[in-house]
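The values are calculated or read from the model by the stated rules, or taken from the named source; none is laboratory data. Quick caveat, the model's predicted, so the values are computed rather than measured. Backbone-built Cβ (ideal geometry, glycine too); neighbour counts: all protein chains shown.
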Amino acid sequence: MFVKKDLAVLRLPKPTNLSSCLSLALLLVSHLGAQAQTSGQTQTPSAQPQLSKPTDVPSVADDRYRIGPDDVIEIRVFNRPQISRDSVRVDARGMIRMPLIEEDIQAACLTESELSLKLQKLYSEYLVTPQIDVFVKEFNSNPVSLVGAVGKPGRFQLQRKIRLMELLTLAGGPTPSAGRYVQIFRSDERLKCGGGGDQQSADDVTKAIIAIELNQVLKGSDPANPFLQPGDIVNVPEGDQIFVVGNVVKPSAIPLRDPITISNAVALAGGYLDDSQTDKVRIIRQVPGVTAKKELIVNLEAINRRGANDVTLEAGDIVEIPVSSGHRFKRALTYTIAPALVYTPLSIVR
């Protein structure tokens, strides 16, 4: 049936002699073979190999130093000392001047190798295959300032990209009085560089004041540990404090980074002494907007027995642990009578 169908489609002519019959037979066999191959391919489409798409190669971030205003660079032209320059300062516009080149040359936002290639192209008009090397001698364009409650505040000149946590580490870390947040003041007054080394004006950069929790910065997570930009001012402000005084082991000021209760504050101060009057602990609190102060009496002993709610302290609270009146009298006797007994003349009765 399959052969009859193909014969009908081909509309084969009627053979007239032996040679015609042989030609007709060869034509029929070749046609049937082609039909069988086509039919096999149609029935098994999965037999064809599937080409996988090439995976995208992740781009590597360019962390090379980019030249900026006030930097001093050295330019060496091979075998041309009259053109070479030991010290070329980049002006405030990010431009430099070189011999034989009439126009100013943009150096800002370029790496050493990029500026070298640019100079080679410019000098190719005067020299045959010029070889030019560029080196940064003084790094002055990427200052970052760190102020506030850190070990060594100051001004840092960056020669590479640096994250916030690394800068705090270089400055000795935050002091115990550091507050809860770190502030980054991002300035637009300096020349900015785009991702491809292009200059950006101050209008292209948005002013920002970034506040990040100090605890998150110290954990080193990426969202809380951003890269710093030239001109950034990092401030670690002094935090709110509470004060524990009176009959404790170590009267001290405690930074209020997280909510803290009176029992925790007393524990951070070393705990109270044995002769303390723990049922009448005073909290002196400044009322906002007025000069008067509010006084709260707290039973710390009941809080320790979980018989009362632990009081949450507020910024500026003063916790005073008084001395028990009975213990105060015993202490007075100890400090007055005992020395007298020591220095009293001793008589021997025989």
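Matching residues to (1) outside any loop (DSSP other than H, G, I, E, B); (2) surrounded by fewer than 13 Cβ atoms within 10 Å (Cβ to Cβ):
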residue	(1), (2)
Arg66	no, no
Pro69	no, no
Glu74	yes, no
Pro81	no, yes
Asp86	yes, yes
Met98	no, no
Leu110	no, no
Ser113	yes, yes
Ser116	yes, no
*If we scan region 238-249, do we find a residue that is at pLDDT 90 or above, small (Gly, Ala, Ser) and over 30 Å from Gly154 (Cα atoms)?*
yes
*Give the number of residues within region 119-159 that are assigned to a strand (DSSP E or B) and not hydrophobic (A, V, I, L, M, F, W, C).*
9
*Among strands (runs of 3 or more DSSP E) lying entirely in region 259-325, which contain 2 or more residues that are basic (Lys, Arg) and closer than 15 Å to Val244 by Cα?*
281-286
*So which pairs qualify, if the first residue must be in region 226-237 and surrounded by fewer than 21 Cβ atoms within 10 Å (Cβ to Cβ) and part of a strand (DSSP E or B), the second must be of a type in the set (D, E, K, R) and modelled with pLDDT under 90, the Cβ gap must be under 9 Å, and the two must be at least 6 apart or on different chains?*
Phe227/Lys161; Ile233/Arg186
*Going through region 259-293 one residue at a time, which ones are touching a Leu at 6+ places or on another chain (Cβ under 8 Å) and basic (Lys, Arg)?*
Arg282, Arg285
_Checking Leu167 against (1) under 23 Å from the mean Cα position of the chain (by Cα); (2) farther than 22 Å from Tyr65 by Cβ, only one condition comes out false. Which one?_
(2)
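Tally time: how many residues in region 214-225 are free of Cβ contacts under 8 Å to residues at least 12 places away in the same chain and surrounded by 13 or more Cβ atoms within 10 Å (Cβ to Cβ)?
Within region 214-225, the first condition is being free of Cβ contacts under 8 Å to residues at least 12 places away in the same chain, and the residues that meet it are 216, 219, 221-223.
Cutting the leftovers down to surrounded by 13 or more Cβ atoms within 10 Å (Cβ to Cβ) gives us 216.
Matching residues across region 214-225 total 1.
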*Just one of (1) under 19 Å from the mean Cα position of the chain (by Cα); (2) of a type in the set (A, V, I, L, M, F, W, C); (3) at pLDDT 95 or above trips up Ile132, so point out which.*
(1)
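Can you pull out the residues in region 145-163 that are within 16 Å of the chain's Cα centre (by Cα), of a type outside the set (A, V, I, L, M, F, W, C) and under 14 Å from Val182 (Cα atoms)?
Filtering region 145-163 down to residues within 16 Å of the chain's Cα centre (by Cα) leaves 145-146, 158, 160-163.
From what's left, of a type outside the set (A, V, I, L, M, F, W, C): 145, 160-161, 163.
Listed by number, the residues that qualify are Ser145, Arg163.
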*Go through the residues of region 257-265 one by one and say whether even a single one is among the small types (Gly, Ala, Ser), surrounded by 15 or more Cβ atoms within 10 Å (Cβ to Cβ), modelled with pLDDT of 90 or more and over 30 Å from Tyr181 (Cβ atoms).*
no
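Taking the residues in region 295-314 that are surrounded by fewer than 13 Cβ atoms within 10 Å (Cβ to Cβ) and under 42 Å from the mean Cα position of the chain (by Cα) as candidates, determine which candidate is farthest from Ala253 (Cα to Cα). First the steps, then the outcome.
Let us first name the residues in region 295-314 that are surrounded by fewer than 13 Cβ atoms within 10 Å (Cβ to Cβ), namely 295, 297, 305-307, 309, 312.
Narrowing the set further to residues that are under 42 Å from the mean Cα position of the chain (by Cα) leaves 309, 312.
Details: Asn309: 23, Thr312: 16 Å.
Among them, the one singled out is Asn309.
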